[in-house]
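One structure is given below, encoded as structure tokens.
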Amino acid sequence: MSKTQKSAADADAFKAATFADISVPLGSGGETHQQAGDGVPQLTTQQGAPVSDDQNSLKVGARGPVALEDHHMREKIFHFDHERIPERVVHARGYGAHGFFETYDSLADVTAADLFQRAGEQTPVFVRFSTVAGNKGSFDLARDVRGFAVKFYTQQGNWDLVGNNIPVFFIQDAIKFPDLIHAAKQEPDRDFPQAQTAHDNFWDFISLMPESMHMIMWTMSDRAIPRGFRFMEGFGVHTFRMVDANGKSTFVKFHWKPKLGMQSVVWNEAVKINGADPDFHRRDLWNAIQSGDFPEWELGLQLFDEDFANAFDFDVLDATKLIPEEILPVRIVGRLVLNRMPDNFFAETEQVAFCTSNIVPGIDFTNDPLLQGRNFSYLDTQLKRLGGPNFTHIPINAPKCPFHNFQQDGHMAMTNPKGRVNFEPNSYGLDEGGPRESATGFRSFPEPAEDGATKLRIRPDSFADHYSQARQFYISQTEVEQKHITDALVFELSRVERPAIRVRVVSHLLNIDEGLAAGVAAGLGLKDLPEPADAAKPTRDDLAPSDALSILKNPPPSLGGRKIGVLLSDGASAEVFNAVAAAADMNGVVVEVIAPMIDGVELDNGTRVKAHYKIDGGPSVLFDAVVVLLSAEGAALLDKKAAARDFVADAFAHMKFIGYSPEALPLVEKSVGARDDACLELATAAAVDAYFQELTALRYWAREPMVNAI
Ligand code: HDE
């Protein structure tokens, strides 16, 4: 027997042994293999030709060469080779969802924008959340700004409100954006660090750009490590215009307020979450939507006129400044509900193309130089990313209202105009002439130019105060939050190799708050404080603290959307477990079970409870609070496992509330040392109520000075 004959015989023998009663080609999936028919669709090529064998390429003899004529294999591999498109240069890692925006009351008094005209009107939206610096495959809990981009499919075209979860930005002029992003992303010679600003390039740039100081206060605060997308605010950042039907313009700043309230994690926790679940934020959004717990935000507007703008302390065109809510209240005008995940991540979340230049009649730009630069950049970026000018034809980007124009051809054209006429003006009349202009179409607000304006490369003097609002943000924080800012600066600057950069940052902090500068200097081991940095304008100390800027001064309205991790063992109390589950259900809290083995445990009344995680896969960093519900035997078993001790020790270090059965006490004591008031014994169902009462605080901050996790 020749070698070829032998291997063919072997293959047949193998086939016979493995797939004795199914007639399928060698290499198929055994008992999971299905044939088309009976409702199972037929596998075809892209051209629709049915495929008979998707397991084996076409060969000349069983061990012979592969024939080039195997069109199915060639098409399949060719397509695979081209699956990747360039990732976004910033905001590469993102996660999107569909939903709707509902207008509460007509805003016809301030804007002609169609979506705001009728109370109760719902407009479809697609929202994409993102981090900025990391690549597409980076982890979710980077210390970073979060993108909050909303595409409204209105009846008068698509309006993209491409915002962030922080209301100000690092720079004032778009021309510095490439420098900022180069400095923030991986250093080009070594291609690390990934998704982190804790490195020399970033802090070197920042320390030479005092205008970034306000934003730095935000990115070093807990705002930059949100508990989830559902728990963060969003902002349009720039001042925009709303224009009514009579052409009257009102300035506007956009705010998104999460219905579940704001919440962040602590840094030590963030670092561990990134290892335990790099997809922490996307999983949270996915789970919430799939379980019908639809995330909601309210849209708020700060509306003001020229007089207010002229009288305000800072230039409203300067994106490094905000208008405190205490000075100009936020008017709530509608709600955003996310209720559907995309059918396909790539087709929708990856291909969605936000452009700040997508506005609709009733909305307009201002001269904010950052916004003006963005209006160029986004369109330009989409061309590169999506490969041609017809990305608007992709369903996720196409308007949901009728649209007609004479734009045609180009790569992947799907909606070329029909008929003979593709130009305007034309004399072909009503039937054939195609679309025409309309009086109600978009008109730019006729803002007068400055008198005698000349072309200059200059920053206005009104942009020159770089520290006053940084200080205002800092003094608006609780002591706990101020400490976190200090710790974050110390952490990041300790990763910086060049001492001069560290010193330069401290010299800026001295212009913000001396206590902050002293704390960071001490944390870095600086013997002497440097001189304060030269300031174009002295820091004002007359700006009142704004409580709206703090997360902790604005506690969440309920426990809704939070998650408790219950560490269970065989023989644990069914009474207490059921009480925890019932209280969680009443409070809109999700319970997940962690057990020594994934097949779960048997409670003391014989009920079996399935586990969501095996102990080493479900660390306490994934939960807002924990319960350790063990029998004596269970406690003895888990006491020997580092993962179980870490579960309790980390919950304690991250200021979480810990409920425990009396039998779990030895494990708790061994893991945390001295218990405190947020360690609560759950011997009976009655004690569970008290635990849930305490839990509304989410963290027991009084513990922080003791654990000093950072
Ligand atoms: Fe962006 N930004 N940006 N940005 N940005 C992009 O556009 C840019 C800025 C923001 O989920 C890019 O489609 C410049 C401020 C979000 O798809 C790019 C400047 C704010 C997203 C771009 C800024 C943002 C982007 C890359 C300085 C908050 C993700 C991919 C003038 C108000 C959108 C893309 C999504 C994405 C340019 C500053 C938010 C390169 C030049 C300020 C949420 O075009």
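Overview of results
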item	result
Those residues of segment 79-129 which are among the hydrophobic types (A, V, I, L, M, F, W, C), closer than 23 Å to residue 164 by Cα and not in a loop (DSSP other than H, G, I, E, B), in sequence order	97, 100, 101, 115, 116, 125, 126, 127, 129
Candidates 293, 307 - the one that is surrounded by fewer than 17 Cβ atoms within 10 Å (Cβ to Cβ), in the same structural domain as residue 96 (by TED's automatic domain parsing) and in contact (Cβ under 8 Å) with a residue 60 or more places away in the chain	293
Top-ranked residue of segment 164-200 - restricted to ones that are over 21 Å from residue 138 (Cα atoms) and not in a loop (DSSP other than H, G, I, E, B), ranked as farthest from the ligand (Cβ to nearest atom)	179
Residues of segment 77-98 satisfying the condition of being more than 10 Å from the ligand (Cβ to nearest atom) and surrounded by fewer than 16 Cβ atoms within 10 Å (Cβ to Cβ)	77, 78, 79, 80, 81, 82, 83, 84, 85
Test: residue in segment 444-461 that is in a helix (DSSP H, G or I), within 30 Å of residue 309 (Cβ to Cβ) and touching a residue at least 12 places away in the same chain (Cβ under 8 Å)	no
Of residues in segment 677-710 being assigned to a helix (DSSP H, G or I) and touching a helix residue (DSSP H, G or I) at 6+ places or on another chain (Cβ under 7 Å), the one surrounded by the fewest Cβ atoms within 10 Å (Cβ to Cβ)	689
Flag if residue 148 is of a type outside the set (D, E, K, R), within 26 Å of residue 444 (Cα to Cα), within 9 Å of the ligand (Cβ to nearest atom) and in a loop (DSSP other than H, G, I, E, B)	no
Long-range neighbours under 8 Å by Cβ, at least six apart or interchain, first residue more than 20 Å from residue 233 (Cα to Cα) within segment 335-356, second among the basic types (Lys, Arg) and modelled with pLDDT of 95 or more	349/128; 352/128; 352/151; 353/385
Complete set of residues in segment 125-143 that are of a type outside the set (Gly, Ala, Ser) and out of contact with any His (no Cβ under 6 Å at 6 or more places or on another chain)	125, 127, 128, 129, 131, 135, 136, 139, 141, 143
Filtered residue count, segment 357-382, keeping only those that are within 9 Å of the ligand (Cβ to nearest atom) and closer than 16 Å to residue 125 by Cβ	0
Output for segment 50-66, where each listed residue is surrounded by 12 or more Cβ atoms within 10 Å (Cβ to Cβ) and part of a loop (DSSP other than H, G, I, E, B)	51, 53, 54, 56, 57, 58, 62, 63
Matching option when the condition is within 14 Å of the ligand (Cβ to nearest atom), out of contact with any strand residue (DSSP E or B) (no Cβ under 6 Å at 6 or more places or on another chain) and either at pLDDT 95 or above or over 30 Å from residue 245 (Cβ atoms) (or both), among 398, 353, 413	353
Selected residue (only one of 658, 710 is modelled with pLDDT under 95 and not charged (D, E, K, R))	710
Segment 208-241: number of residues that are among the charged types (D, E, K, R) and within 15 Å of the ligand (Cβ to nearest atom)	3
Residue list for segment 185-242, filter: among the basic types (Lys, Arg) and within 30 Å of residue 559 (Cβ to Cβ)	223, 227, 230
Among the residues listed as 367, 390, 397, the single one being polar (S, T, N, Q) and surrounded by fewer than 18 Cβ atoms within 10 Å (Cβ to Cβ)	367
Count of residues meeting criterion [over 20 Å from residue 705 (Cα atoms), among the charged types (D, E, K, R) and surrounded by fewer than 21 Cβ atoms within 10 Å (Cβ to Cβ)] in segment 472-506	4
Failed criterion for residue 318 (all others in (1) part of a strand (DSSP E or B); (2) within 16 Å of the ligand (Cβ to nearest atom); (3) among the acidic types (Asp, Glu) hold)	(1)
Inter-residue pairs, beta-carbon under 8 Å, first at pLDDT 95 or above and in segment 562-579, second polar (S, T, N, Q) and assigned to a helix (DSSP H, G or I), 6+ apart	565/620
Residue tally, condition crowded, with 19+ Cβ neighbours inside 10 Å and closer than 18 Å to residue 231 by Cβ, over segment 534-551	3
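Yes or no, residue by residue, for (1) in contact with a Pro (Cβ under 8 Å, 6 or more places away or on another chain); (2) in a strand (DSSP E or B):
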residue	(1), (2)
561	yes, no
564	no, yes
572	no, no
579	no, no
582	no, no
593	no, yes
598	no, no
637	yes, no
645	no, no
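Conditions tested, residue by residue: (1) at negative phi; (2) of a type in the set (Lys, Arg).
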{"residue": "89", "(1), (2)": "yes, no"}
{"residue": "96", "(1), (2)": "yes, no"}
{"residue": "101", "(1), (2)": "yes, no"}
{"residue": "105", "(1), (2)": "yes, no"}
{"residue": "120", "(1), (2)": "no, no"}
{"residue": "123", "(1), (2)": "yes, no"}
{"residue": "131", "(1), (2)": "yes, no"}
{"residue": "138", "(1), (2)": "yes, no"}
{"residue": "176", "(1), (2)": "yes, yes"}
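The values are calculated or read from the model by the stated rules, or taken from the named source; none is laboratory data. Every value quoted in this text rests on a predicted model; they were computed, and no experiment measured them. Note: ideal-geometry Cβ built from the backbone for every residue, glycine included; neighbour counts use all protein chains shown.
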